[in-house]
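Just so it is clear, none of the values below were taken in a lab; they were calculated from the coordinates. Treat the numbers as computed from the prediction; the structure is a model and nothing was measured. Virtual Cβ from ideal backbone geometry, glycine too; neighbours counted across all protein chains shown.
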Amino acid sequence: MRKSVVALLGAIAVGVMIAMPVSAGTKTIAIPDREGDLGKTIICGGQGSHEWGDMLSYWSGNSPLANAGYLDMLSGWVSIKGSTVTMGMTLATPIPVNHDLPDGVKEVRWAWLFWTTIDTTTSSNNAPYGVYIIWNGNALSAVLVDRSSGTTPFAVTHLDSLIVDGSALSVSIGLSSLTGVVAWFAETQAWNSYPSPIDQPFPWGSWVLTDITDYQGPLAIYWPWQPMP
């Protein structure tokens with residue numbers, strides 16, 4: 001099974017690695033994302049990617065979220081060096097930590113989702129592992145959510161490795177925290193109601209997927225999975 005998953009991800013990854021300055025011994029996969037596609041994300045199962053859809057017909061370009069450049073990813077990346085995994089994301093604009101959230105938004109999350117197996121038909125966003133940078137309008141925090149047991153409440157580890165450098169975010173965890181992981185993708189989320197606890201399954205209808213790393217591969221899948229480095 002693992003060999004078939006690796007083969008699938010290898011096909012998806014063709015042409016998506018971009019050059020990044022990394023230190024010796026670091027393996028990195030970085031995925032570019034179009035600037036200005038904020039709010040134009042739609043998942044089209046069976047058609048390959050969100051690039052087949054466009055939300056402009058019901059998401060005005062003048063809406064508060066459509067102008068929140070810090071929800072517009074320019075790239076997402078994952079690096080492994082030794083026993084450490086670092087997740088990163090470059091945004092179109094820096095996070096305005098000392099300013100209000102967009103009108104109608106209760107919380108913003110920048111997320112990296114990690115998978116141990118790939119099912120090209122699933123629309124579930126509850127990946128076995130998720131790393132989230134969370135902004136409630138006052139403070140930033142980072143957590144690892146381990147859903148691999150399948151039972152709630154999920155295990156949550158608060159992380160003190162968050163780095164914000166202008167419009168770039170990064171956070172690191174131990175590689176052993178992601179047992180059996182073979183794939184990942186990144187996305188940005190805006191919660192338009194008070195979020196359910198992060199140790200519970202994702203509800204539908206209370207949050208908006210504002211951006212997701214562009215799908216680069218030839219296959220028809222729900223989520224733009226990329227292989228681990």
Sum of side-chain charges, GLN200 neighbourhood, beta-carbon under 15 Å (Lys, Arg +1; Asp, Glu -1): -1
Cβ-based net charge around ILE95, under 15 Å, with every Lys or Arg adding one and every Asp or Glu removing one: -4
Net charge over other residues, Cβ less than 12 angstrom from the Cβ of ALA155 (K, R count +1; D, E count -1): -1
